[in-house]
Amino acid sequence: ATDRDAPELDFCFCASCAPADAPRREPVAAISEIVCEAAAIARGAMGLKLTSAVFPMAAQARASVDQDWARWPVTAVYPMAYPTFHKKQPEWIRDVCADARAALDAGTADADVVAGLYCPD
């Protein structure tokens, strides 16, 4: 979410913006913790699978939006392979999926890769 889409969800994790009494956690760890908790609930109590639409290119996702999805306990990741949004050619979808597979194989997740597509036109 962005401040334009949902201002109440757009907040900063830096020490200057966080409340003084709030415990400081790194955003990557905080987001991963939420995913792990959701997976435990979905799998344990409900017997469900958990999937996640993730930002494409694992290293960039971790650096830019704090998603370390190659380590998440999900059944599948759907990298948001939106070539027009990223000003790429449609063949870029193949690169996104290959990167996702390699990241998952190198990480701890045992998940499928399914390209998440957005074709506005």
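The values are calculated or read from the model by the stated rules, or taken from the named source; none is laboratory data. On a predicted model such as this, the values are computed, not experimentally measured, just so you know. Counting neighbours? That spans all protein chains shown, and the Cβs are built from the backbone with ideal geometry, glycine included. Heavy atoms of the whole protein, side chains included, go into the accessibility calculation; ligands, DNA and RNA do not. Shrake-Rupley method; radii C 1.70, N 1.55, O 1.52, S 1.80 Å.
To the nearest 10, the accessible area of Glu33 is 80 Å² with a 1.4 Å probe. These residues, Asp95, Asp105, Asp110, go from largest to smallest accessible area, 1.4 Å probe, as Asp110, Asp105, Asp95.
Amide H contacts under 5 Å for Val54: Tyr78, Met80, restricted to partners 5 or more places along the chain or on a different chain, H placed in the peptide plane at 1.01 Å from N.
Write down the accessible area per residue of the range 63-121 in Å², having rolled a 1.4 Å probe over the full set of protein chains.
On the way: 3530 Å² over 59 residues.
About 60 Å² of surface per residue is accessible.
Treat every Asp and Glu Cβ in the range 76-121 as -1 and every Lys and Arg Cβ as +1, leave all other atoms uncharged, and give the resulting dipole magnitude about the Cα centre to the nearest 20 debye.
Values: 4 positive and 7 negative charges, 35 e Å.
Taking the Cα centre of the range 76-121 as origin, the dipole is about 160 debye.
List the chymotrypsin sites (Phe, Trp or Tyr not before Pro) within the range 28-94 that fall in a DSSP loop (any state other than H, G, I, E or B) and whose Cβ has at most 14 other Cβ atoms within 10 Å. Sparse-neighbourhood loop chymotrypsin sites (Phe, Trp or Tyr not before Pro): Phe85. Each residue, Ala53 and Thr84, gets one label point 7 Å from its Cα in the Cβ direction; the gap between the two is 1.6 nm.
Scalar couplings 3J(HN,Hα) for the range 97-110, obtained by applying the Karplus form with A = 6.51, B = -1.76, C = 1.60 to θ = phi - 60°, are 5, 5, 4, 4, 4, 5, 5, 5, 5, 7, x, 10, 7, 10 Hz; x denotes Gly and Pro. Here the extension length gained between Met46 and Asp112 equals 21.7 nm, from 0.36 nm per residue of separation less the Cα-Cα distance.
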